[in-house]
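Only the coordinates and a few stated rules stand behind these numbers; no lab work does. No experiment lies behind these values; they were computed from the predicted model shown. Virtual Cβ from ideal backbone geometry, glycine too; neighbours counted across all protein chains shown.
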Amino acid sequence: MLFNSIDFILFLPIVVVLYFAIPHKFRWILLLAASYYFYMCWKVEYVLLIVLSTVIDFYMGILMDKLPTQKARTPLLIVSLIFNLGTLFLFKYYNFASENINLLVDKIGMNHHLPVLNLLLPVGISFYTFQTLSYTIDVYFGRQKAERHLGYFALYVSFFPQLVAGPIERFSRLTPQLKEFHQLKYENLSKGFRLILYGLFIKMVIADNLASYVDLIYDSPTSYSSWDVLKGVFMYSFQIYNDFYGYSLVAIGSAKIMGIDLMDNFRTPYLAKNIMEFWQRWHISLSTWFRDYLYFPLGGNRVTKSKWMMNIAIVFIVSGFWHGANWTFIIWGALYGVIYLIEKNTNDLLKLKTNHTDFSFGHILLAIKTFVFVTFIWVFFRSQSVHEAFVIFNSIFNFHAVGQLSLEIPALVWILLALFILSDILLYNKRFDTLLDNIPFAGRWLIYSFLLFSIIVFSSVEIFPFIYFQF
């Protein structure tokens, strides 16, 4: 089920009304049933993967909790890792591995080839896999007591607002809220609907209107001039940001209505002064997951400098590979690692300070620099192949190229994009729902009216699925 659909507009109010209408002790049943229904609207049989992952990790957690040492718990953790990562590998990475092995086999003259499987990638598998893995790893290290209620654990894994594309929540943060008794509060309704409204606006009005122009460029880059291709590349930066940011806001807002606070997943990342800060502000739930469950176990920065640099490289490359089974994603992650290390070492060498929070002239220049880096790295993320990415770059930097086609972007799109950029600046270190708290009643409703009017009138004719659904 898509957030930007009539189905969800009907689904959410029904769930909310029932949630507050029934006794507290039955609410987990309602939310679990709603979550499974939400997922089964995409493909019924794939809900079995979530159920299997839930049951295995639930019982592995209980068994580990009964054992006194990490050494004794290790086999149980391995079972959880093998099932979850094995399932993820089968559906997401097997074909990539088999295709590359087959290419290598051809080069050395062997005839045996691995088969290619025709499997549909389950929506959100990377998200709920990482969410349930964080639980079993925490239980293994003794940071988390095992949950004894299968229903609440199943709800933690499948809670519908963040099931398909995050935020990736930790058990210790989400589950106590799911168990807590929540009353219907005007403040939660107000803040929740604000986030949903703004999230749908930036997804349906900004991201989806940009999508059609971005698709034109990436489908046929050699048909356009260098300037048009460059416009398309920069448009993609705003498309993917508004697309994923919009999803996260709708997810957070939907949970907020019921009194449940999901973690912020974005904090104006395009205003970051460097790549390190960009990753502290972009897809925060994933970057902190890799920090806690990969970077720290590798030794973090408590190792030699060469080992630390290797740790950084590993984290960024794995982060890239998490996004997709393609060399483009590996290169995308590796480039972030390279730029991060260059910036960090340069700042340390020159003893530069980049922790100022005001919008100084230096901040603006650094933010522009970071945005340009991020925009060009997005080319690998958006391209279907490494070759396609280099075709895009060649089209950009071949300044004499004159395409047969012209990318004409209406003035309205530019105006809406400028309004979003302005709002993003106003939201620096703030969230949309809290920002509106300081605006008078009439001003708030003027903003609501504008957002609703824009969604109705200016939304893209074509419905685009959320980009991160593919991960």
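Charge dipole (Cα centre; +1 on Lys/Arg Cβ, -1 on Asp/Glu Cβ; no other charges) of region 6-181 amounts to roughly 560 debye. Centre-to-centre, using Cα atoms only, region 443-471 and region 1-79 are separated by 29 Å. Remark: His323, His149 ranked as His149, His323, counting other beta-carbon atoms within 10 Å and listing the fewest first. Under a 5 Å amide H cut-off, with hydrogens placed 1.01 Å from N, Leu163 pairs with nothing among residues at least 5 apart or on other chains.
Extension gain, Phe193 to Leu52, is 47.4 nm, computed as 0.36 nm per intervening residue step minus the present C-alpha separation.
Charged side chains reduced to their Cβ positions (Lys and Arg at +1, Asp and Glu at -1) give the chain a dipole of some 1580 debye around its Cα centre.
Just to confirm the filter: which trypsin sites (Lys or Arg not before Pro) across region 46-111 are DSSP coil and have at most 13 other Cβ within 10 angstrom of their Cβ?
Details: sites: Lys66, Lys71, Arg73, Lys92, Lys107; in loops: Lys66.
Qualifying residues, ordered by number: Lys66.
As a ratio to 2.2 N^0.38 Å, the alpha-carbon radius of gyration computed for region 1-158 takes the value 1.31.
In what sequence, highest mean first, do 82-91, 13-22 appear when ranked by Cβ atoms within 10 angstrom? Don't jump to the answer; show the numbers that get you there.
Details: 82-91: 16.0, 13-22: 14.3.
Ranking, from highest mean packing down: 82-91, 13-22.
Taking only the Cα atoms of region 69-160, the radius of gyration and Dmax are 17.8, 55 Å. Couplings 3J(HN,Hα) for region 111-120, derived from phi with the Karplus relation 6.51 cos²θ - 1.76 cosθ + 1.60 (θ = phi - 60°), are 9, 7, 10, 6, x, 9, 8, 9, 10, 7 Hz, where x marks Gly and Pro. Taking the alpha carbon gyration tensor of the chain, multiplying each eigenvalue by 5 and rooting it gives semi-axes of 34, 31, 24 Å, largest first.
Calculated FRET efficiency, Ile29 and Phe441, Cβ-Cβ r, R0 25 Å, to nearest 0.05?
Numbers: r = 39 Å, r/R0 = 1.54.
With a Förster radius of 25 Å, E is 0.05.
When Val315, Val47 are sorted by how many other C-beta atoms sit within 10 angstrom of their C-beta, beginning with the fewest, the order is Val47, Val315. Couplings for region 159-171, taken from phi via the Karplus curve 6.51 cos²θ - 1.76 cosθ + 1.60 with θ = phi - 60°, read 3, 4, x, 10, 5, 8, 9, x, x, 7, 8, 8, 4 Hz in order; Gly and Pro are left as x.
Comparing Asn118, Phe38, Tyr152 along the charge dipole axis of region 6-181, the residue lying farthest to the positive side is Tyr152, per the Cβ-charge model. The label-point distance for Ile6 and Phe458, in a model that sets each label 7 Å from Cα toward Cβ, rounds to 2.5 nm.
Give me D for region 153-310 in µm² s⁻¹, whole number, from Stokes-Einstein with Rh from the Kirkwood sum over alpha-carbon pairs, 4 °C and 1.567 mPa s. Can you show the working numbers first?
Values: Rh = 18.0 Å.
Answer from the Stokes-Einstein relation: 72 µm²/s.
For every other residue with a beta carbon closer than 14 angstrom to the beta carbon of Met258, add +1 if it is Lys or Arg and -1 if Asp or Glu, then tell me the sum. Its environment carries a net charge of +2.
How would you rank 249-262, 414-427, highest first, on the average number of other Cβ atoms within 10 Å across their residues? Walk me through the intermediate numbers first.
Values: 249-262: 23.4, 414-427: 14.4.
Top to bottom by mean Cβ count within 10 Å: 249-262, 414-427.
Across region 331-345, computed HN-Hα scalar couplings (Karplus, 6.51 cos²θ - 1.76 cosθ + 1.60, θ = phi - 60°) run 5, 4, x, 5, 5, 4, x, 4, 5, 4, 5, 4, 5, 5, 5 Hz from first to last residue, x flagging Gly and Pro.
When the pairs Lys66/Lys92; Lys203/Lys430; Lys92/Lys256; Lys107/Lys307 are compared against a 28 Å limit on Cα-Cα distance, Lys66/Lys92; Lys92/Lys256; Lys107/Lys307 fall above it.
Using helices alone, I'd like the mean residue ellipticity at 222 nm for the chain: each DSSP H run of four-plus residues gives -39500 (n - 2.57), total over residue count, nearest 500. Calculated from helices alone, the mean residue ellipticity at 222 nm is -21500 deg cm²/dmol. The equivalent ellipsoid of region 276-326 has semi-axes of 19, 13, 10 Å, largest first, where each one is the square root of 5 times an eigenvalue of the Cα gyration tensor.
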